[in-house]
Each structure stands twice: as structure tokens, then as C-alpha cells.
1. Hey, could you check the stretch A:125-154 for residues that are of a type in the set (Asp, Glu) and assigned to a loop (DSSP other than H, G, I, E, B) and say which is farthest from the chain's Cα centre (by Cα)?
2. Among what's in the stretch B:1-29 and is in contact (Cβ under 8 Å) with a residue 24 or more places away in the chain and among the small types (Gly, Ala, Ser), pick the residue that is surrounded by the most Cβ atoms within 10 Å (Cβ to Cβ).
3. In the stretch B:199-217, which residues are closer than 19 Å to B:TYR297 by Cβ and part of a loop (DSSP other than H, G, I, E, B)?
4. Out of the residues in the stretch B:317-364 that are at positive phi and without any contact (Cβ under 8 Å) to a residue 60 or more places away in the chain, state the one that is surrounded by the most Cβ atoms within 10 Å (Cβ to Cβ).
5. Go through B:VAL88, B:VAL154, B:VAL98 for me and flag whichever is part of a loop (DSSP other than H, G, I, E, B), of a type in the set (A, V, I, L, M, F, W, C) and buried (at least 23 other Cβ atoms within 10 Å of the Cβ).
6. Out of (1) at the interface with another protein chain (Cβ under 10 Å from one of its Cβ atoms); (2) touching a helix residue (DSSP H, G or I) at 6+ places or on another chain (Cβ under 9 Å), the odd one out for B:ASP26 is which?
7. Residues in the stretch B:117-126: is at least one of a type outside the set (Lys, Arg), outside any helix (DSSP H, G or I), surrounded by fewer than 18 Cβ atoms within 10 Å (Cβ to Cβ) and at pLDDT below 95?
8. Within the stretch B:301-316, track down each residue that is touching a strand residue (DSSP E or B) at 6+ places or on another chain (Cβ under 8 Å) and either surrounded by fewer than 23 Cβ atoms within 10 Å (Cβ to Cβ) or within 14 Å of chain A (Cβ to nearest Cβ) (or both).
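The values are calculated or read from the model by the stated rules, or taken from the named source; none is laboratory data. The shown structure was predicted, so the numbers you read here are calculated from the model rather than taken from an experiment. Every residue, glycine among them, receives a Cβ derived from its backbone with ideal geometry; neighbour counts consider all protein chains shown.
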Amino acid sequence: MRLSSEEIEILKIIEENHKISVETIASMALCSEETVNQTIEKLEQAKIIMSYPTLIDWSKVEGHENVVAMIDVKVTPKRGVGFDEVAGRISRFSEVSSLYLMSGAYDLSITVEGKTMNQIATFVSEKLSTIENVVSTTTHFMLKKYKHDGVIFSSDNEDKDRRMVVTP
Amino acid sequence: MSLEYNRYLSQTAKELQPSGIRKFFDLAASMEGVISLGVGEPDFVTPWSIREAAILSIEQGFTSYTANPGMLELRQEITSYLGTRFGVKYDPTNQVIVTIGASQAIDLAFRAILNQGDEVLIVEPAFVSYAPLVSIAGGTPIAVATSPVNGFKVTAAQIEAAITENTKAILLCSPNNPTGSTLTKDELLEISKVLKKHDLLVVSDEIYAELTYDESFTSMASIEGMYERTILINGFSKGFAMTGWRLGFLAAPKEFVEVMLKIFQYTTMCAPNMLQHGAIEALRNTYHEVESMRNSYRRRRNFVVQALNQMGLDCHTPGGAFYVFPSIRATGLSSEQFAEELLMQEKVAVVPGHVFGESGEGYIRCSYATSMPQLQEALKRIQRFIESRGVNPKKDTVECHTPS
């Protein structure tokens, strides 16, 4: 879909911060609030705006730590539908947070989230491995998150403003 | 027994006025929880690949002096950058010096061209160090005042009216600190006619060249007949978010560079080796990051200008840099009173306009190189402050100047 420069401007602004008010977006993009509302609605309907996620570092919240695993999966593609059918099936499991078709040594890259390692192990052995066309799985548990979706999970806060209060 | 120190000090140095910004910094720095719009530098940290290149160069042992005018590799990148971005061609072997910030480049330019009594025109409101640098070099700074009527842009007629038989040069800064005003190619053409007619030099401070928002930047050196009479000043501080690196450069006809290089080699020797490696990376591989920062500043500018106008502080739309320069006359306060009372009452730091010269009185400089949440909060506080002064918000946005 070809978008106008104004529509792209609005997308860039809400990509940076989706909580920003319509009024503020309008002043930043030099357009009316009505245009902002119409554009957002249009782009939501066109599935260009997919969702408004909030990125939370659950590892910092006591009692809410998640276990995350990345699983490499080899599958046998099916005539007529290739990888799409099996990928579609796997993607519907609530444990699966992302799924990509990859080039290289394996076919599907799956990210799975669970409360415990045992929960993920059960998912892999009982649900994923038993799907027809799944040939093999290799599970990598994520030990620490340093960067996710372009956001650095850092303790030494690089975003801290180290500038003096007034400078030339 | 103590010395009579005054007797030993240089008369020129003694007569220099301390920067008004410094005085205001001391006041603001003593307070907790201040939101600062007083910062003349990017809020972005230097792009990582530039930092990484400098770190790597230290690891590899690049800790020696470089050639006086800077590493040839960096000078080649600089001339390639100036040619590609602004259409001005220089020879990296004898027309470029890598300096300790753009400020040193301006200092070198004045020391190289001025004799006692030479006058230099300075377009006001102006960056705080311009006039003192002229004085230090033995010249006399002559202010050419601009006003918001035409967006604080200096006109050819204003320049011509200020020229005397002692005028040697003009210092132009576009986009400008503190007003953000940006001269178009046509406006530079008109100015160039006057400068050629009166045989004047130009020290062209183009440090904000990467931060123009409404039209592409034109370098004075690219205007016909101006290359030979222009000392072009630029650097990495603003566009590449590298203020603390103190890396700038100048480019000029080799006859000027030869003289400036003599002063530079006796006073400085060369810019730090490892930082020059970072600068090479900046010019080679970080343009997409510069563009991303520019887009962010542009959006914030739009927001801030509209908010200030709506609350009743007339503010022209600047074409570049990251400052707005709204009028605070509606409050009945001087710019210094306004800045001090705003700081005390609402804990927002802005810079009073008078520190940029007499024509800056009645205005304040607000930098929008600050995150959107901080800007939104700061503007709320400014609105509350001016409402307490009886200034009524406007229903419609009224601007003194809108770029074409």
C-alpha cells in the first residue's frame, strides 16, 4: 500500500510512542486532529498498524518472571500449501509468542513463553513434536534479555540525560 | 604580600564580559528537579558505531599525534562530505583543518584575518562567543540586529547599512543559534552581491547545516563568486550528536588555510587521534542516524512552536537548529526576569534572550532537544506561569513568520 508522507509521519510518531495524544500528534505532524484519527483508523483497518504492544521487562517483577525459549523446527512441507499449514497450526498455541519461516539449517523459528522450564518442555514434547510434518526440534532457553524489538534492556541507563542544565 | 594582579593581566582579556549563559547556568544548576530547555546540544547520545570506532582505535594503539591539520583519511572524508552534501569542492591536502570544535575554527579564522581595528559584522541575536572571539583577535565586533518581522533573517540592505571602511568580514550563522532562522539560497545570493561589492570576507558558521527542516541547506561557499572569500566552519557536534568530542573543521582557500594552520600548529598541534577515527566512522556510516535525529527534532519543533503560539507567546517557525526564540513581551517582564521567575516558580530553565545581544531582549531561547514527555511537561509549566502573569491563550495560531 502506498502511503502519503503525512501518513508515514503519523506512523513514525506513534511507532516511537503510541500513548501520545491525538492533539500532540497533530501538532507534530502539522495536520488536523481529524486527519490523525482518520489515518490511524485507516491504517488499523489495513493491518499496517497491527497492535499497540507494551514492552514489559517481567524479569524485574518478583513472582512474574517468565521462561522464554527459542525453538528451531524442521518440518516437511506439504504439497500445495508448503509450510503455511503447519506454521498456521503452530502459531495458534497460546504458548507461542512469535513464529517465523527461516532460510538455512531449519525451517521455523518459534519463540515460546511459559511460567517454568517444565511447562515449555511439556509443550515441546507433547504438542509441538507430535504435530504431523514436524521432523525435529532444537530448544534454546533464553538466559538473559539484552535487547528486544529495538529496546535495550540495560541496567546502566544510557538514556540518562548527562547534559548540564544550561549550555551555549 | 600579594601581587597587584591587574597590572599583569591582558587589557583585552580583562575587558571581556563573562558569558550571560554561564551566570544563568549557575543559578539553574543549584536547583533540584529542573526541566531544562536551556541546553544547546542534542539530547541523543553519539551513535554507537562512532563510539565503537573510537574505542577500537584506542585498543589498536592509535594514541600518537596525527598530522597537524588532521588525518588525511579524515580530511578526505570531510571534502567528500562537503562535495556530496553541499556541492563545494575542497582539496583535502591543503584546504582543510580538523579543529577542537567549530569554536576553535572560528577563533583561527579571526586570528588569521584580523588586524587591530578591523570590523566584523555579527548578525544578532548571536551565539555568545562570536563577539569576544573578534575582540580577542584584535578586531571590533559590530552588531547587525535582526527582528522577528522576517523571522530574524538578516537582509542584504541591513548588512550594507552597517558596512564602514574598516569592515573586513561578516560572520554568518545559518541555521542560527539562538533563533533557528535559516537563510535560503536566494537570500544568500542577495547578501553575496553586497559582500562582493564591498570586497568582504565571510566566516560562515555552518555547524547546524544538517539540522534544516523545511528546505535543503545552502552553503555560502557554493554561491557563485563566494568560494574564494569564504571560510567555511562546520563540525560534528550538532548533526552527529558529538558535542563532548570537541571536533570541528574548517575549509577555505589554501592561502587562508596556510596561515590558520601556522596558528593551529603552535597552539594545538592536532585534534585527538582516537576521536578522529570516530569522526571518520560518523561521515562514512551514520547518515541514517543523522536523518532519524533530524526528523525527531522537526516533529518536536512543530509541536513546540504551536504550543507556544497557542499559549500567547508569539514564536516564529525556525527553519533549522533546535531552538525556538519566542517573544515574552506580552508578560511585561524583561527576558532575564522571565527566565529567573520561570525557574523559581515552575522549575523550567530557558535562556534569557539578552545574553545573545541587545536585540535578543524581549525573547527567550528554548531548546527542543529534549524528550517529548519533558517538552510536554515544560510547556504546561510555562503556560501556567504566563497565565499567572495575565497573558491569555490565543484561539488560533498566529505566527510572525512561516517558512515558504
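1. A:GLU132
2. Only one residue fits best here, namely B:ALA28.
3. Selection gives B:GLU206, B:ILE207, B:TYR208, B:ALA209, B:GLU210, B:LEU211, B:TYR213, B:ASP214, B:GLU215, B:SER216, B:PHE217.
4. My answer is B:GLY362.
5. B:VAL154
6. Condition not satisfied by B:ASP26: (2).
7. Yes, that holds for at least one residue.
8. B:ARG301, B:VAL304, B:VAL305, B:LEU308, B:ASP314, B:CYS315, listed by residue number.
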